[in-house]
Amino acid sequence: MNSSYLDYNATAPLRPEARTALLAALEAPANPSSVHRFGRNARGIADIARGQVADLVRAEARRVVFTSGGTEANNLALRLALEGAGVKSLVITGIEHDSVLRPARHAGLPTYEVVAGADGVVSLGALEATLGAAQAAHPGPALVALMLANNETGAIQPVAEAARLAHAHQSLLLCDAVQAAGKIQVNLSQLDADFLTLSAHKLGGPTGVGALITRDDWTPAPLLRGGGQEKGMRAGTENLGGIAGFGAAAAAAQQGMYGMKTVAALRDRLQAGLLAVCPEAPVYGTGLRLPNTLCIGMPGVPAETQVMALDLAGVAVSAGSACSSGKVTPSHVLTAMGLPEAAAREAIRFSLGWASRPEDVDRAIEAWCKLWQRKRK
Ligand code: PLP
């Protein structure tokens, strides 16, 4: 059966450039800490990748710490803020990824949550009021966490303004740019975030590798202790194949950024096709959003039913937040936007990317519309 993969925000297909770099890096013994020629060669590979990843977000290569993914990068950023900067409270948004929400809630610090508007965007006024309340109750610096683009709605957040606000309050800002990087331009100095996190597999690199990029130098407060790899920030022999693949994917994503116009046109064609048949379908995050993402609900039809019908037709998409037990819970992102649980349970996410084709979109439109027509009867 022909199939169409429209779940890039879950994980993007491996780019050919990343595959080549990954396999090449695994050709020889590769421990960048070894002093012999193999070690030096491995270090050279990691250095090239570090530069490529830094270039993608206009950062300095020496500020890149490779991790096992976006989850570890977010956890490490929180750790640095807690241990290194001694923050006294956390101000996070309800639309953050679980890899920010959960460690924040377990950090043992007072944690304040800001909800988003119905458009999926966090309001700066709400953020400022919450930060003010946090500091009034717990004097001292806070850590504000605001992602650059949401994984479910694609809604782009006012990160540069939030960083200005945080800094005016002698606080720090963590920006999870995992979904934004490779889809829109990301510039660390313009965003002025203190911590920025990335994940390779969201932009066509391998899974199991990511990065934390810091604006300043920090005394290491590693999650894993052991060898002094990554300047003491992240112990453990480097995942060189993953790192090389990440670098190559970052370079390819950067070069192919103009291709995102085509992706946006495909996403718009998809949205128009679905709305033509079901005009009452709500679209979530319709303001400024990622060019590849469409979050839409089918009235009265549970997300699982839609995902299964699409899967039977060969189209892969996601529903809300699928938890590890396989049971689909209503998306915490949509509920943090004020959506009633019933509506949140009907929303699914289409996400396109570098290899998406018009026929993928057409197959998705046909399958989703067939289901709607069947259900309407
Ligand atoms: N942050 C966001 C916004 C994400 O969408 C994800 C993955 O879904 C992560 C962080 C976690 O990244 P990783 O899968 O590399 O741990």
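The values are calculated or read from the model by the stated rules, or taken from the named source; none is laboratory data. Here the structure is a predicted model, which means the values were calculated and not measured. Quick reminder, even Gly has a Cβ in these numbers, built from the backbone with ideal geometry, and neighbours come from all protein chains shown.
Does residue 189 fit the bill of being of a type in the set (S, T, N, Q), crowded, with 24+ Cβ neighbours inside 10 Å and either modelled with pLDDT under 95 or over 15 Å from the mean Cα position of the chain (by Cα) (or both)? Criteria not met by residue 189. Against the conditions (1) of a type outside the set (Asp, Glu); (2) loosely packed, with under 15 Cβ neighbours inside 10 Å; (3) without any contact (Cβ under 8 Å) to a residue 12 or more places away in the chain, residue 299 satisfies every one except (3). Within region 3-40, if we keep just the residues that are loosely packed, with under 15 Cβ neighbours inside 10 Å and among the charged types (D, E, K, R), the residue that is farthest from residue 296 (Cα to Cα) turns out to be 37.
Conditions tested, residue by residue: (1) out of contact with any Pro (no Cβ under 8 Å at 6 or more places or on another chain); (2) closer than 24 Å to residue 220 by Cβ; (3) exposed (fewer than 15 other Cβ atoms within 10 Å of the Cβ).
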{"position": "42", "(1), (2), (3)": "no, yes, no"}
{"position": "72", "(1), (2), (3)": "yes, yes, no"}
{"position": "100", "(1), (2), (3)": "yes, yes, no"}
{"position": "108", "(1), (2), (3)": "yes, yes, yes"}
{"position": "125", "(1), (2), (3)": "yes, no, yes"}
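Checking each residue of region 193-202 against the condition of being out of contact with any Ser or Thr (no Cβ under 8 Å at 6 or more places or on another chain) and surrounded by fewer than 22 Cβ atoms within 10 Å (Cβ to Cβ) gives no match. Scanning region 71-101 for residues that are away from the ligand (no atom under 16 Å from the Cβ) and among the hydroxyl-bearing types (Ser, Thr, Tyr) yields a single hit, 89.
Can you tell which of 61, 25 is farther than 24 Å from residue 352 by Cβ and in contact (Cβ under 8 Å) with a residue 60 or more places away in the chain? Answer to the check: 25.
Residues of region 335-375 that are under 22 Å from the mean Cα position of the chain (by Cα), surrounded by 23 or more Cβ atoms within 10 Å (Cβ to Cβ) and of a type in the set (Val, Ile, Thr): 348 alone.
Yes/no per residue for (1) of a type in the set (A, V, I, L, M, F, W, C); (2) at pLDDT 95 or above; (3) over 30 Å from residue 169 (Cα atoms):
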residue: 46; (1), (2), (3): yes, yes, yes
residue: 51; (1), (2), (3): no, yes, yes
residue: 76; (1), (2), (3): yes, yes, no
residue: 87; (1), (2), (3): yes, yes, no
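The sole residue among 345, 376, 349 that is of a type in the set (Lys, Arg), over 22 Å from residue 181 (Cα atoms) and in contact with a Cys (Cβ under 9 Å, 6 or more places away or on another chain) is 376.
In this structure, is residue 247 modelled with pLDDT of 95 or more and surrounded by 22 or more Cβ atoms within 10 Å (Cβ to Cβ)?
Details: modelled with pLDDT of 95 or more: yes; surrounded by 22 or more Cβ atoms within 10 Å (Cβ to Cβ): yes.
Spelling it out, residue 247 is indeed modelled with pLDDT of 95 or more and surrounded by 22 or more Cβ atoms within 10 Å (Cβ to Cβ).
For region 247-277, a residue qualifies if it is touching a strand residue (DSSP E or B) at 6+ places or on another chain (Cβ under 9 Å) and over 21 Å from residue 357 (Cα atoms), and exactly one does: 250.
Here region 267-286 is the region considered, the condition is being in contact with a Pro (Cβ under 7 Å, 6 or more places away or on another chain) and surrounded by fewer than 23 Cβ atoms within 10 Å (Cβ to Cβ), and the residue that is nearest to residue 56 (Cα to Cα) is 281.
Just to be sure, is residue 90 crowded, with 21+ Cβ neighbours inside 10 Å, over 16 Å from the mean Cα position of the chain (by Cα) and without any contact (Cβ under 8 Å) to a residue 40 or more places away in the chain? Show your work before the answer.
Details: crowded, with 21+ Cβ neighbours inside 10 Å: yes; over 16 Å from the mean Cα position of the chain (by Cα): yes; without any contact (Cβ under 8 Å) to a residue 40 or more places away in the chain: no.
Against the criterion (crowded, with 21+ Cβ neighbours inside 10 Å, over 16 Å from the mean Cα position of the chain (by Cα) and without any contact (Cβ under 8 Å) to a residue 40 or more places away in the chain), residue 90 does not qualify.
Scan region 181-210 for residues that are among the hydrophobic types (A, V, I, L, M, F, W, C), farther than 15 Å from residue 251 by Cα and within 12 Å of the ligand (Cβ to nearest atom) and the total you get is 2.
Can you go through 181, 221 and tell me which one is in the same structural domain as residue 235 (by TED's automatic domain parsing) and surrounded by fewer than 24 Cβ atoms within 10 Å (Cβ to Cβ)? Working first, answer last.
Values: 181 fails: surrounded by fewer than 24 Cβ atoms within 10 Å (Cβ to Cβ).
From the options 181, 221, the qualifying one is 221.
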